[in-house]
Amino acid sequence: MFENLQDRLGSILNGLTGRGALSEADVSAALREVRRALLEADVALDVVRSFTDRVREKAVGAEILKSIKPGQMVVKIVHDELIEMLGGEGVGIDLHAAAPVVVMMVGLQGSGKTTTTAKIAHRLSTREKKKVLMASLDTRRPAAQEQLRQLGAQANIDTLAIISGQSPTDIATRAVQAAKLGGHDVVILDTAGRTHIDEPLMVEMADIKKRSNPHEILLVADSLTGQDAVNLARSFDERVGITGLVLTRMDGDGRGGAALSMRAVTGKPIKLIGVGEKMSELEEFHPRRIADRILGMGDIVSLVERAAENIDAEKAAAMAAKMAKGKFDLDDLADQLRQMQKMGGMGGIMGMMPGMAGMKDKMAAAGLDDRLFGRQIAIIQSMTRAERANPDLLKHSRKKRIAAGSGTDAAAINKLLKMHRQMADMMKMMGGKGKGGMMKQMMGGLAGKMGLGGGMGGMGGGMPDLSNIDPRQLEALQKQAEAAGLGKPGGGMPGLGGLPGGLSGLGGAKLPGLGGGFPGLPGLPKKK
């Protein structure tokens, strides 16, 4: 979502950090570029003016211009103001009310209200252990109520029985009564939308609000609609009174201006963001983490949380024990590749690692992308169990059969086998040290810096039980990362040699123009 803005701001601020001293003219020139970058990202004009004025006011002070590292001080000011513009602290859905807590979903047609309703219900039932009832109040859109019923069946969430002919206000009343009788903790009302804001829609929303007395009114807005989303939020807030925002399609290639503007314009917090089509792909909105991503500082806390959600602790422990004995077959390699895909692929992981955001393009240019992992998994799945356990069996005739089965060629199979050999050799060397896993090499030093202990063998083992970590401790990880020198653009990663933006110390193939590489990943040229 924020890639273009990230690239623009990164280049502007990197130009400042490399300077020994800054004049007011330097700061003004940089802020002009920042202003242009924000406007190009579709941020509202009044929000941009307010933002640049606040930054200028702090950045031209004597203590900045005379400080030891004035460029970094300006970056910090931009970072702090960006967090402030996004809302300061993250705010979740408020359930502190008498049960059943009524949550009313509003928004225009096509913004993703029904799907988001099911995602929120799934999140509350799985994470908060709440008993949730969903009710569709959309009597206009064909099969809207049936859509919510089917989503409820998929996610094992209760839905209100459909009775044809009832008005939206009557359905809202019946939903609240049914939730009380059924012992539900939360009832979510999925209201009807329109293609545009009109008076009948607003009257209907007001009637439903009066009848159901919702504790939360969440506006669902498509983050790809730009400034229209800001006007939409203002209109709904004035007429209905929203308590928070949910932005959908944050995984798209939009410019992100709506997300940056809506909080500033309405004063209402962005509570959740949709980052994919799956039921689980709904995240809390944390202003600090989003600001860190925009400025290329990474997002360690979200990466840790994503690892905790996607990594099977038992499987990781079993693999760690296996690797401690120096064993690493092709099934293990496939498991590591699948776990990397679950965590967002190489691009998703790199985007969250401090100083690594700029590497994604270089990796793509070198032929290292997530499609490559998919092909490698297809090759491994085309092998027999004996071949996966003992790759030495793979002679020419077998490779020919596997290539036909996976839609690849012998060269791709040879690259995969070479990668496996290099990783197996590395596992043997580290077997006595109790280490293992590609992700552990990438993130090993990070765990020690953050006091997690036991390493972060996300792909091989040694992963701490992150589900038991206090949320406040997770929030403190980012600050600890910054204190360890990870929060600066180009700051490098511990365990990777500490080179700015590089991946050194891992041996094997190297990315062109970078200080290091991943152990023998295929498709990358080796240095002579």
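The values are calculated or read from the model by the stated rules, or taken from the named source; none is laboratory data. Predicted model only: the values in this text are computed from it and were never measured. As a convention, Cβ positions derive from the backbone with ideal geometry for all residues, glycine included, and neighbour counts pool all protein chains shown. Accessible surface is based on the protein model in full, side chains and every heavy atom, while ligands, DNA and RNA are left aside. Shrake-Rupley method; radii C 1.70, N 1.55, O 1.52, S 1.80 Å.
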Query raised in the report: Whose amide H sits under 5 Å from the amide H of GLY244, counting only residues 5 or more places off or on another chain, with H placed in the peptide plane?
Result: ILE217, LEU219
**Report entry** Given LYS278/LYS400; LYS113/LYS180; LYS129/LYS325; LYS129/LYS268; LYS76/LYS130, the pairs whose alpha carbons are separated by over 30 Å
**Finding:** LYS278/LYS400; LYS129/LYS325; LYS76/LYS130
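Charges at C-beta only: +1 for Lys and Arg, -1 for Asp and Glu. How large is the resulting dipole of segment 110-215 about its Cα centre, in Debye rounded to 20?
380
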**Report entry** Contact order normalised by residue count of segment 29-126, Cα under 8 Å, 6+ apart, percent
**Finding:** 16
Report task. Could you pull out every residue, at least 5 positions away or on a different chain, whose amide H is within less than 5 Å of the one on GLN166? Hs are placed 1.01 Å off N in the peptide plane, and Pro or chain starts have none. Result -> none
Query - segment 27-148 - percent of accessible surface contributed by carbon and sulfur, probe 1.4 Å - result: 50
Query raised in the report: Roughly what would the spin-label model give for ASP170 and ASP94, points 7 Å off Cα along C-beta, in nm?
Result: 3.3
Query raised in the report: Residue by residue, what Karplus-based ³J(HN,Hα) values in Hz, rounded to whole numbers, does segment 164-178 have, using 6.51, -1.76 and 1.60 with θ = phi - 60° and x for Gly and Pro?
Result: 5, x, 7, 7, x, 5, 5, 5, 4, 4, 5, 5, 5, 5, 5
Query raised in the report: What part of the accessible area of segment 159-204, given as a whole %, is carbon or sulfur when the probe is 1.4 angstrom?
Result: 59
Report task. Give the accessible area for GLU284 in Å² (nearest 10); use a 1.4 Å probe, count only protein heavy atoms, and leave out ligands, DNA and RNA. Result -> 80
Query raised in the report: Non-local amide H neighbours of VAL101 (under 5 Å, H modeled in plane, Pro and chain starts lacking H): which ones?
Result: VAL186, VAL187
Requested in this report: Mind jotting down the distance between the C-alpha centroids of segment 129-199 and segment 78-104, whole Å?
Outcome: 24
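I want the local charge near SER125. Using Cβ-Cβ distances under 12 Å, sum +1 for each Lys or Arg and -1 for each Asp or Glu among the other residues.
Once positives and negatives cancel, what remains is +3.
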Query - Under Karplus coefficients 6.51, -1.76 and 1.60, residue-wise ³J(HN,Hα) of segment 270-277 in Hz, glycine/proline x - result: 7, 8, 9, 10, x, 10, x, 8
Report summary line: Residue-ordered couplings for segment 201-209, obtained by feeding phi - 60° into the Karplus form 6.51 cos²θ - 1.76 cosθ + 1.60 and rounding to whole Hz (Gly and Pro as x), are 4, 5, 5, 4, 4, 5, 5, 5, 4
